[in-house]
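What follows is one structure encoded as structure tokens, with my remarks underneath.
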Amino acid sequence: MEFSEDYQKMLDLHEQAHKEGAVRNLNGEDIETEGRKIFEGSELLPMLPTIKEIKDDLNLTSLLDYGCGKANAYYLAFELDGVIHPNAYQYLGIAPAAVHLYDPCVEQFRSKPRQEQTYDIVVCTDVLEHIPEQDVDTVIEEMVYHANKLMVFKIAAHESFTKFKGGTNVHATVKPPSWWFDKIIRIATESGRTILLHIEVEERESGSDGKRSHISRHIVNQGNKNGNTG
């Protein structure tokens, strides 16, 4: 698959931020944030209950986290609903050997899955909005290529409070929920495989720091659609 020059530039900026940090705007003030606190993979955490529920219901056993960032949740304890969990592997009940962590901007996770490899679950959280618009289709196609039964997306439909040190916002593609729903469903349908899609797109409420999530579940190539927003 071929990507644009802008895509490679964004990868370079993300890799640099992982190492050297970025600038976050907190309460109207720009604050230098060190690299170890950038792109930690924390957006996975609120999606874990959804992933686990569907995983257990469908008896899924393997997972690809596409754009995992530093993947801290897989190695560090975290709290959900007042309970401390040792890591995402144990929370989900999936063996580490059955999980592939991929992020082209993090050295230890730079290896792509084998070309012929598919996974029961493909997870993509806080990734697609970082991709230049002309490359979004290609990235989704690559993920769908490795998806076997379930794909879970979490996408921000707003600019980020984080900027690269040169001033560029880390969210390169800001589009409304319907744009993301239509695109992901179309590309997944073109695969010809039956895949359950769970897509959450988060909008920032106008005039406030509040956010609203729009959710769509869609089974492609099975004629069964259940979409909702909330």
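The values are calculated or read from the model by the stated rules, or taken from the named source; none is laboratory data. Fair warning: this is a prediction, and the values are worked out from it, not measured in the lab. Reconstructed Cβ throughout: ideal geometry from the backbone, glycine too, with neighbour counts over all protein chains shown. Accessible surface areas use protein heavy atoms only, side chains included; no ligands, DNA or RNA. Shrake-Rupley method; radii C 1.70, N 1.55, O 1.52, S 1.80 Å.
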Loop-resident sites, segment 64-155, for chymotrypsin sites (Phe, Trp or Tyr not before Pro), counting at most 12 other Cβ within 10 Å (DSSP): none
Filtered trypsin sites (Lys or Arg not before Pro), segment 56-150: DSSP coil and at most 13 other beta carbons within 10 Å: R110, R114
Listed residues G210, G166, A188: farthest to the positive end of the dipole of segment 135-215 (Cβ charges): G210
Cα long-axis angle, helix 133-145 against the chain (0 to 90 degrees, to the nearest 10): 40 degrees
Local electrostatic count, T61, Cβ distance below 14 Å [Lys/Arg +1, Asp/Glu -1]: 0
Accessible area per residue in Å² at 1.4 Å probe, computed on the chain: 50 Å²
Segment 84-185: relative contact order as a whole-number percent, Cα under 8 Å and 6+ apart: 23 percent
Measure of compaction for segment 18-168 (Cα Rg per 2.2 N^0.38 Å): 1.07
Nonlocal Lys pairs with alpha-carbon distance under 21 Å, segment 80-186 (8 or more apart, or different chains): 8
Given charges at beta-carbon only (K, R positive; D, E negative), |dipole| of the chain in Debye: 480 debye
Neighbourhood net charge (12 Å Cβ-Cβ; Lys/Arg +1, Asp/Glu -1) for T173: -4
Filtered GluC sites (Glu not before Pro), segment 122-194: DSSP coil and at most 15 other beta carbons within 10 Å: E159
